[in-house]
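Comments concern the structure below.
The values are calculated or read from the model by the stated rules, or taken from the named source; none is laboratory data. All figures in this text were calculated on a predicted structure; none of them were measured in a lab. Please note: Cβ atoms are built from the backbone with ideal geometry, for glycine as well, and neighbour counts cover all protein chains shown.
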Amino acid sequence: MYLQLGEWENSQATLNDCFNLIAKIPNNQTTAEITASVLEVKGQLELSVCKPESALDTWKESGQIYKKFDNFIGFTRSSINQAQA
């Protein structure tokens, strides 16, 4: 919601909170896919603050995670996001 409201700092803080929480969970496929979802939002934030190169790199990272676990829907969504950058 912060992202849609243009509250970039709150968006970044919330993303950091998400990454910190994920780091406390044992690594498995579900954790990786949650990380990929958070990375997608991070990419949207980066694109919104005029950092398309960072957004592209972030979306590539999320796409690699989705591909590793054969999540073709997530991979496709990440690929579409990359095209926007």
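A few points about this structure:
- Residue list for the range 38-56, filter: of a type in the set (A, V, I, L, M, F, W, C) and assigned to a helix (DSSP H, G or I): Val38, Leu39, Val41, Leu45, Leu47, Ala55, Leu56
- Test for Ser79: is it assigned to a helix (DSSP H, G or I) and more than 21 Å from Trp8 (Cα to Cα): yes
- Filtered by the rule that a residue be surrounded by 13 or more Cβ atoms within 10 Å (Cβ to Cβ), more than 13 Å from Gln84 (Cβ to Cβ) and in contact (Cβ under 8 Å) with a residue 24 or more places away in the chain, the range 18-44 gives Ala32, Glu33, Thr35, Ala36, Ser37, Leu39, Val41, Lys42.
- Here the range 50-68 is the region considered, the condition is being in contact (Cβ under 8 Å) with a residue 12 or more places away in the chain and surrounded by fewer than 15 Cβ atoms within 10 Å (Cβ to Cβ), and the residue that is farthest from the chain's Cα centre (by Cα) is Lys68.
- Residue in the range 57-64 that is more than 17 Å from Asn16 (Cβ to Cβ) and either at pLDDT below 95 or not in a helix (DSSP H, G or I) (or both) present: no
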